[in-house]
Structures are given as C-alpha cells and as structure tokens.
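Each remark here refers to the structure printed beneath this line.
The values are calculated or read from the model by the stated rules, or taken from the named source; none is laboratory data. Owing to the predicted nature of the structure, the values given are computational and were not obtained by experimental measurement. Here the Cβ is made from the backbone with ideal geometry for all residues, glycine too, and neighbour counts use every protein chain on show. Side chains included, ligands, DNA and RNA excluded: accessible areas come from the protein's heavy atoms. Shrake-Rupley method; radii C 1.70, N 1.55, O 1.52, S 1.80 Å.
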Amino acid sequence: MASSSSFTSPLCTWLVAACMSFTCDRDPHQPSMLLHPHHSGNKRLGRRRKVLSKCSGAAQFNRSLSISSFCGSSIHGLITSLEPCNEYYSSKSALSSLPLFADNALSSFFGSNSVTLNRNQRRLARSRSRSRSGEAMSVAVQPTEEVKMKKKPHTKQRRVVVTGMGMVSPLGHDPDVFYNNLLEGASGISTIETFDCASYPTKIAGEIKSFSTDGWVAPKLSKRMDKFMLYMLTAGKKALVDGGISEDVMDELDKAKCGVLIGSAMGGMKVFWDALEALRISYKKMNPFCVPFATTNMGSAILAMDLGWMGPNYSISTACATSNFCILNAANHIIRGEADVMLCGGSDAAIIPPGLGGFVACRALSQRNEDPSKASRPWDTNRDGFVMGEGSGVLLLEELEHAKKRGANIYAEFAGGSFTCDAYHITEPRPDGAGVILCIEKALAQSGVPREDVNYINAHATSTPAGDLKEYQALMHCFGQNPELRVNSTKSMIGHLMGAAGAVEAIAAVQAIRTGWVHPNINLENPDEGVDMRVLVGPNKERLEVKAALSNSFGFGGHNSSIIFVPYK
C-alpha cells in the first residue's frame, strides 16, 4: 500500500495541474470548458475526472497517514521531524538532482530506468506528449523553450549610505558611548533584576537596567507598549536625530519615499504574557492593545505613523538574522528607487519568564551565574551556551545623492549582502558550513567587493559549542588567505540581542570604519583547537584601517545573512 500511495500522490498532483491548465491561457471573459459538459473535449475531460476522483481518495488517505504519523500519542514523531535532514544532506542540491521534469522523469522518480510502465504511467506519458504538442500545457512542467523577455534598460545603480544610527543596548544608548565601552572591553552582562529567577538554572542576561522613553514616546503609549516597541521607537528617533533629520528637513522630505523596515524575532512577548495572566481573572482585565502590540510589525507601523512616512513599511522576522534581513531589504528599496530614506534594523526584549524559561528548556543558555561578565565567551573551549540580551539597533539608510543634497554626514556606504538557508536543522548549523559559505560568497558577488578587501568581520559567534567553530571554519574557507583579516564578536560583551543583534553589530561595524579601531574579544582565554589567534582579535582593542567590514547573523531555522559596509569615498 505504501508503494501504491507513493505513486498516486505525484501522479494526482500532476493531473490536477494538467486539468487546471486548460483555462490558464484562455481569455477570462470566455466561458470555461470545465463548466460546459457538451464541449468537444468532454470525453477526454470525463476520463480525467474519473482518474481525479480516484486520486482524490488516495490523496486524502496520504494526508491522513501524514497527520497520524505527526500527531500520534507519542512525541517521538515530533522529535524525529526536527532531526537533521540527512536524506537531502549532500554536496549537491536534492531538488536539482531530482529530474522530475526531464524526459526520463518517470523512471528516475520511481527509482529504476527499466521499470515497465503500468496503465497510469502510460496515461501520464500520453498526457505529457499531448502537452508538448500544444493540446494542454501543464503548469507543473517547465517549458522547454526559454521565455523571451525584453531587457531592462541599463541604469546606474543608486548607492546607499549610512547617515544616522540609533540604539538601546546593555552598554549604552548612544552609538559613541556604546562603542567606547566595547573598545574598553566592558561587559554589559549581569544578574537579572526584572523578575525573580531564583528557580532557573540561568540567572544572568544582557539586561538593560536603565531606560527612559521621555521625549521619545508619548507617555500614554509608553504605559501600554511592549518594551521591544519602546526600544524600537526610541532607537529609530535617535537615528533620525543622529542623521540630522530636524523638523525643517522632515518638512522637505518626500514622505512617500521614506520608509521603515524594523523587525523583531520574538515580538511583544511581555504584552502577551501579561494578557494571559490577566485572562486568568477575566478577559475584561486584558490590555485592549495586547494583540496589535504583540505583533512584530507594529513597531515599524507606529513609528511610520508618528513620522508620517508613507513609503515601504513592514517587518521581517527570521529569528536572530532578523536585522540583517531588514537592512538588506531596506537598501534594496532604495536601490530600486522605491525609497530615498529608510529606517531599518531590529528590536527585541525577551528577558521575561517564558523567554528565559524557553531557552533554558532548549539547553542553549550559559549557566555561569557566579561570574556573569565571564559567561559569554565565543571560541573559548570553556563556553557553555549563549547569554540572552535585549535592546534595539536602527540605521538610517539614504540614497547617496539625496544625502549629499541635504548635506548629511555620511558614516559609511552599504555595499551589499545576501541570504541563504541551511535547510538542515532548526538549531544546528550544517556540519560542512555550506549554507554560511554560500551566503558569504553571494554577498561578495552581489556587493562587488573584492575578497581581499574584507579585512574586518563582526562574527555572529554566540558562544555556543557548535555555532562558533562552524562559522570560524566558513570564514577561513572564504578569507583564510587574507593576512590582514581580523575577526571579533560583539556578543562577548553584550550577549545575544536576538532579532536586534544584527543591527547593533552593524553599528559596531560602521563604528570600526569610522574610528579605525576594532573592539576586543573578551573571555577568549583558551581558544578552540584549530582556531588561529592571529585572526581573532585579542583581549585589547586593535588599530585597523577597515577596507570592508562584513557582519554575519544566523537564525534558528537555518537563516543565514551577511551584509557588507565600506568606507564612503
């Protein structure tokens, strides 16, 4: 029965697509042949309906099997579904190597080149033959001839520059204060004070101890919003001030060409947590804004409403790679001419009972409670997990000519970046680092930055046993021949800011370009075997003329992202 169902399912999928394709290219105002049983093709259609009716039952059976295997009485099905995808783990893509649409598709799909075609297979082959002859073109079959498209006229690519930075972090809420603390090797990790975590094995985090929204967020909203939104609104407005967007400049901006793209990995967890607690008493006790203020997009939306910016506005959530995804997409809006100015980055505030408890349950957090400042130690053999952090980072990106016209101070130029997916495991990196390597290579190709020019890398390195080493190996694969290369991890001092990490680390990368100094890696006392300390920055800041800075961010689900900044010239 298993072999029968494995044949029926792909056949049914193809036939459904083939039947649908009768109307794909017809004029929408003409009556559909499927609605007229007396059409000249009704006999052939009737035969296909019979096949589809049989397939429908088989497909339903397949779905029931799939659901029962996943939702059984044991959690075993769920656990195994999250294991590494070894079946497709190879140097070549499984999809590209599976010739579903080739001439020998049937034999390749069913595992043998000498299989005798049964009745259903012969029917499928005849249908494919008719499709090629023009009787019906299935939407599931790739056309053999390339579609001829008009070439887009060549235009000079618009350049994107960084003209403002704003942040809220465990080491300060001003980019200069923050970076000076990094250069001094100060740690922002301490014992959690927001709630009683005595019963948790982890009691430390990169927690923000002092923060005020005065002058940045209306008091009425400040009382109801989640902290991730408050951090985001504050950092976003600080980026505008830092970028010289005064009220007079704001009045001159084309609001339809100004956008906001700031994401969050966790969203409004505190607002939702408080709503659940209130619900224990009555729904009438719930914050009426608990649903909109818990969603990841609402921070960007509220900031745009406050500013009156009507350009691209949304958020991206790709776990801990969120900020880089937002920054690159914001830059692309400017490059395509859809915006002139974009606020972009990320924000998260998940240091609450379910946030801490959830990561403890994953066994992902450091338990070095006796000495919090020593807990986050990327590439050190004694690391025992990452440290949670919170905060927000926002960059003001601007089209170069627009920035020059208003006399903006340009900090650096955004050169480009890329994304890839490991497609391997929900938390573990691919053992061969192929996803990260591909992401970096694509970022280099997209940006046009020569490999040898990348001499500074702000690594994702979270202080986890597997992640740090795999990223290091990928970096050596791509840049190991560069004698000037210096690599550090900002997380050694502030912990992991989740969706905000990439933006805060992008600010660190821009600051390295501006100042000519790269910050140290603290707590790197016993490096992993095979790690070259001539590449990793030591316990003290180092002078470096940055030619190109690359910042990596990776997220649960296998999301990889790399972005590149260069000095503006």
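Some observations on this one:
- Cα-based shape type of segment 430-569, given that a ≥ b ≥ c are square roots of the gyration tensor eigenvalues and the cut on a/c is 1.5: rounded
- Between E525 and C421, the FRET efficiency from the beta-carbon distance, with R0 = 41 Å, is close to 0.75.
- Percent of beta bridges antiparallel (DSSP, segment 447-569, rounded to nearest 5): 55
- Annotation: aspartates and glutamates with alpha-carbon distance below 20 angstrom to K470 (same-chain offsets under eight excluded): E83, D380, D384, D422, E428, D432, E441, E505, E525, D528, E529, D532.
- Proximal lysines relative to K156, as straight alpha-carbon distance under 25 Å, when same-chain residues fewer than 8 apart are discounted: K148, K255, K257, K404, K405, K442, K547, K569
- Note on T381 and F195: with the Förster distance fixed at 30 Å, the Cβ-Cβ geometry gives a FRET efficiency of about 0.40.
- Under 5 Å between amide hydrogens, built in the peptide plane, is the criterion, and for T490 it picks out A459 among residues at least 5 positions away or on other chains.
- Carbon and sulfur %, accessible surface of segment 413-567 computed with the full protein complex present, 1.4 Å: 53
- Shape category assigned to segment 308-401 from the gyration tensor of Cα positions, a/c cut at 1.5: prolate
- The modelled label-to-label distance between I335 and Q446, using points 7 Å beyond Cα along the C-beta direction, is 0.6 nm.
- Amide proton proximity set for A415, modelled H, under 5 Å, gap of 5+: I564, F565, V566
- Within segment 519-569, GluC sites (Glu not before Pro) in DSSP loop having at most 15 other beta-carbon neighbours inside 10 Å: E525, E529, E545
- Low-density loop positions, chymotrypsin sites (Phe, Trp or Tyr not before Pro), segment 515-567 - DSSP coil, at most 13 other Cβ in 10 Å: none
- Selection of GluC sites (Glu not before Pro), segment 325-394, meeting DSSP coil and at most 10 other Cβ within 10 Å: E370
- Those aspartates and glutamates that a straight Cα-Cα span of less than 13 Å connects to K237, excepting residues fewer than 8 apart in one chain: D174, D214, E247, D306
- The alpha carbon gyration tensor of segment 209-335 gives principal lengths a ≥ b ≥ c with a/c of 1.5 or higher and a/b greater than b/c, which makes the shape prolate.
- Taken one residue at a time, the phi angles of segment 297-305 give Karplus couplings (6.51, -1.76, 1.60, θ = phi - 60°) of 7, 5, x, 4, 5, 5, 5, 5, 4 Hz. Gly and Pro are set to x.
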